[in-house]
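What follows is one structure encoded as structure tokens, with my remarks underneath.
The values are calculated or read from the model by the stated rules, or taken from the named source; none is laboratory data. As the structure is a prediction and not an experimental result, all values here were calculated from the model. Counting neighbours? That spans all protein chains shown, and the Cβs are built from the backbone with ideal geometry, glycine included.
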Amino acid sequence: MQGKRPLFFLAVVSGVVLAATAALAASASPTHRAATPKRGGSITIARIEDSQSFDKTNVFQNESIWITEQIMEPLYLAGKDGKTLNPWLATGYSQAKDGKTYTFTLRKGVKFSNGKPMTSADVKFSIDDARAQAKGWGYLDAAIKSITTPSPDTVVFHLKFAWAPFLADIALFANGIIPNHFAGQSRKAFYTHPIGTGPFMWDKRVVGQSVTLKRNPFYWQKGKPYLDKVTWTFVTDENTRELQLRGGQIQVDEFPPFNSITKLKSTPGVTMNLFPSTRTDYLGMNESYPPLADVHVRRAISYAIDRAAIVKSVLFGYGKPANSFLPPQVPYYSANAGGLQYDMTKAKAELAKSKFAKGFKVTLLVGAGAQVESAMGQVIQQSLKGLGINVVFKQEDTSTEFNDIGKRNYQLGFSYWTMDIADPDELVTFAIDPAGGAHSFYTGYNNPAVVKLSHKAQRETDPTKRAQLYAQLQKQAASDAFLNFLYYSPYRWATSSKLHGFYVYPLGNYHLEDAWLG
Amino acid sequence: MSIAAEVVTEAVIAEHRHGFRRRWYRTPSFVGGVSILGTMVLLAVLAPLVTRHDPTSQDLLHTLQGPTSSHWLGTDDLGRDVWSRLVYGARTDLRVAFLAVLFPFVIGTLVGLVSGFYGGWIDTVTNWLVNIVVAFPFYVLIIALVFALGSGTRNIYIAITIVGWVSYARIVRGEVIVAKRREYVLAARSAGLSDARILFRHLLPNVITQAIVFAMSDIVLDILAIVTLGYLGLGVQPPTADWGKMIADGQTFLTTHWELSTLPGIAVVITALGLSLLADGLADLLRPE
């Protein structure tokens, strides 16, 4: 999801996990004994913000989504590479020749945390409810025409047209399976304490403080989860989170700041994890401000930003300059997309070609208290000064900033994206298709040739041809400099070295059924 | 008769001035305050001479470096010289604070003079306005106003003026109510001097002392407000150096480079101490015997 706060995800795994988990555990603690998972114990995860909602079909905030994923699971999940899709609550599927009918076989012996078995009726109900959510994630299910249930363990999806991202869409957390008719409750009541097939089940929530889940005794993966309870707190101050981790009050610190990574790596009792992510950070340029509608101006700004210097000074080297609006962990990312890189000579040449050769004044929206944005903003301010572009800061609290960008009430502004599905379509539609609901990532960018490529790629089921289409699309988008692709950065999670098997997937989610205390 | 009244008034002022000259060096808080604040102001004024680096110029290859002969206090996360930013920050914050105290001082004093002198409905309306503003806590109102008006120094002046004038109005009004019954005013009145002349030539010089003393402690509040706003990202805008922004920028580095936030914090404390001492000293010196 695009974000400031919101974001999203889904994901992954299969048998690979156990092996990988063991490997990770082994790397965290070299003793042989530590590699065997142990039952029992509770952990606390301190996060940057509180959860907003547990309605997986409508919520766009990571801090909510990552909890719902412990309770509700979809039929398929994206794997550790963020690209492959593995069977989860389904064991497999078959596809009709026309590409419009998918038949899934459900896994046997899967039970909800209330002890009732999962059947095809629950699946149909769950996905019908998810796709009906017009303001939520329903748009990703738009290709579905109808769902039928010929037997208790068979579900058939009939599509309106061949749709390449279908399996990835089914693996979205919003398509997680819940009991038919919300287990007899109202929709609203159900999502205050949802029920699912996941490793953990609802325990309690203290609004504004914490959310606690406990072990689901009916979980279908034998022996899992290992932990008895997991509590999520929220601690906005990063220094406090770090101190709590070092003091043993919490076992997981969500997003320690870049500058503390090096120190945490050598802190005894702490494991500093950097997981490959699908996060890309951008500087958005709103084309409703006339200078930014000029492609030469946009190219000039893109050339003037020293991404390597930003990565070095703001991210302390823990990132990579971006060359495409797609991140490397997403399928069909093109390494040759040709995103413009730092070159002041070219920047000046591009600005000279524009109608604003003498420079202009532009406002940069910056989140109050957002240290990375503030630092990057000041670097960009200094770079653009060299072009005669006068950058003025407008500071707003981060939620106002997020809303203003969403309303296109800005000139320059920071935003980022992390993938929710293992397919580029979600981001491509959001970023370049003016009809995608976000005015091309809130920039107003509209290049019919690029939009046409995207539509073609959606219906192209041959992976090689799809890759070509997306490569072409990324190249044209980069040349249009519709967004400034700034950098790719890993997910940063500091954990207690007693905690094993905690792994964050490229889509941002983590599988707590694999986590255990040693 | 009018000449006599003016002679009386001037005698009162002269007595104050005389007392001031005689005792200032024997008032430790005044001497302390003047020395601390004087040093600060001197550094701020001579900023280009006492620093070797532009406070806004970045050096992304040399960030977060410890003290060296070139960078006395090291560099910050964008490779800017911390000493330069501290000194130029003093320049910004002191200037803004002094100017921010000037507007409420002038407006509040005038309102207090007029409402105290005339009384009646003018006084009623003024009191009513004063009570409304006083009902809100100082910082809450300032932050809310700047938030509504938008960040930047101009809006800081506006917000502080809207909130700050009431204190001066109250102080001056109280003084005027007492002073207007004193003989020199009655004398001036019966001599047929115009209201304006009585207000500005006779009353003002006698009631302004308390307002000046208060202004000194008010600057402390203003500096804290400006630094707070800078810290919240609502104050002086980057790249201009400002202590509040320095504290906020350094906060992320608290566990690795504590000095980035601590040094501007100490600067705020020292400045506030200097101003408080000065206010105390002035109050002592100007208190009628």
Next on the checklist: Restricting to segment A:454-512, name every residue that is without any contact (Cβ under 8 Å) to a residue 12 or more places away in the chain and either small (G, A, S) or outside any helix (DSSP H, G or I) (or both).
Outcome noted: A:D462
Checklist entry - Regarding B:A144, is this residue within 14 Å of another protein chain (Cβ to nearest Cβ), free of Cβ contacts under 8 Å to residues at least 12 places away in the same chain and within 21 Å of the chain's Cα centre (by Cα)? => result yes
Next on the checklist: Can you report the number of residues in segment A:129-151 which are over 15 Å from A:P165 (Cβ atoms) and assigned to a strand (DSSP E or B)?
Outcome noted: 7
Item to check | Residues satisfying the stated conditions in segment B:147-175, i.e. among the charged types (D, E, K, R) and either within 14 Å of chain A (Cβ to nearest Cβ) or outside any helix (DSSP H, G or I) (or both) | outcome: B:R154
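Yes or no, residue by residue, for (1) within 14 Å of chain A (Cβ to nearest Cβ); (2) among the β-branched types (V, I, T); (3) in contact with an Asp or Glu (Cβ under 6 Å, 6 or more places away or on another chain); (4) not in a loop (DSSP other than H, G, I, E, B):
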{"residue": "B:H202", "(1), (2), (3), (4)": "no, no, no, yes"}
{"residue": "B:V207", "(1), (2), (3), (4)": "no, yes, yes, yes"}
{"residue": "B:A215", "(1), (2), (3), (4)": "no, no, no, yes"}
{"residue": "B:M246", "(1), (2), (3), (4)": "yes, no, no, yes"}
{"residue": "B:H257", "(1), (2), (3), (4)": "yes, no, no, no"}
{"residue": "B:L273", "(1), (2), (3), (4)": "no, no, no, yes"}
{"residue": "B:L285", "(1), (2), (3), (4)": "no, no, no, yes"}
Checklist entry - Going by the structure shown, is A:G196 in a loop (DSSP other than H, G, I, E, B) and either of a type in the set (D, E, K, R) or at pLDDT below 95 (or both)? => result no
Next on the checklist: Is it the case, given these coordinates, that B:T51 is at negative phi, within 14 Å of another protein chain (Cβ to nearest Cβ) and among the β-branched types (V, I, T)?
Outcome noted: no
Checklist outcome for this item: Of the residues in segment B:60-74, those that are under 22 Å from A:G386 (Cα atoms) and more than 9 Å from every other protein chain (Cβ to nearest Cβ) number 1
Next on the checklist: Condition (residue is within 14 Å of chain B (Cβ to nearest Cβ) and surrounded by 17 or more Cβ atoms within 10 Å (Cβ to Cβ)) applied to segment A:329-336: is it met by at least one residue?
Outcome noted: no
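Here is a yes/no grid of residues against (1) assigned to a strand (DSSP E or B); (2) surrounded by fewer than 17 Cβ atoms within 10 Å (Cβ to Cβ):
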{"site": "A:K80", "(1), (2)": "no, no"}
{"site": "A:N86", "(1), (2)": "yes, no"}
{"site": "A:G99", "(1), (2)": "no, yes"}
{"site": "A:K108", "(1), (2)": "no, yes"}
{"site": "A:G115", "(1), (2)": "no, yes"}
{"site": "A:I127", "(1), (2)": "no, no"}
Checklist entry - Right, A:A121: assigned to a helix (DSSP H, G or I), modelled with pLDDT of 95 or more, in contact with a Phe, Trp or Tyr (Cβ under 8 Å, 6 or more places away or on another chain) and not assigned by TED's automatic domain parsing to the domain that holds A:L507 or not? => result no
Next on the checklist: Suppose we filter A:L274, A:L264, A:L315 for residues that are outside any loop (DSSP other than H, G, I, E, B) and either buried (at least 18 other Cβ atoms within 10 Å of the Cβ) or of a type in the set (S, T, Y) (or both); which single one remains?
Outcome noted: A:L264
Checklist entry - Within segment A:344-390, how many residues are assigned to a loop (DSSP other than H, G, I, E, B), hydrophobic (A, V, I, L, M, F, W, C) and closer than 24 Å to A:N403 by Cβ? => result 2
Next on the checklist: Among (1) among the hydrophobic types (A, V, I, L, M, F, W, C); (2) more than 16 Å from B:T56 (Cα to Cα); (3) free of Cβ contacts under 8 Å to residues at least 24 places away in the same chain, there is one condition B:L78 misses while meeting the rest; what is its number?
Outcome noted: (2)
Checklist entry - Going by the conditions given, is A:L159 of a type outside the set (G, A, S), within 21 Å of A:H455 (Cβ to Cβ) and either more than 28 Å from the chain's Cα centre (by Cα) or at pLDDT 95 or above (or both)? => result yes
Checklist entry - For residues in segment A:392-408 being within 14 Å of chain B (Cβ to nearest Cβ) and part of a helix (DSSP H, G or I), which is farthest from A:T363 (Cα to Cα)? => result A:S399
Next on the checklist: Take A:A449 and tell me if it is surrounded by fewer than 18 Cβ atoms within 10 Å (Cβ to Cβ), in a helix (DSSP H, G or I), in the same structural domain as A:N409 (by TED's automatic domain parsing) and of a type in the set (A, V, I, L, M).
Outcome noted: yes
Item to check | Single unsatisfied condition, B:D77 versus (1) in contact with a Gly (Cβ under 9 Å, 6 or more places away or on another chain); (2) away from every other protein chain (no Cβ under 14 Å) | outcome: (2)
Item to check | Among the candidates A:L384, A:L326, residue that is over 22 Å from the mean Cα position of the chain (by Cα), crowded, with 20+ Cβ neighbours inside 10 Å, outside the structural domain of A:E238 (by TED's automatic domain parsing) and at pLDDT 90 or above | outcome: A:L384
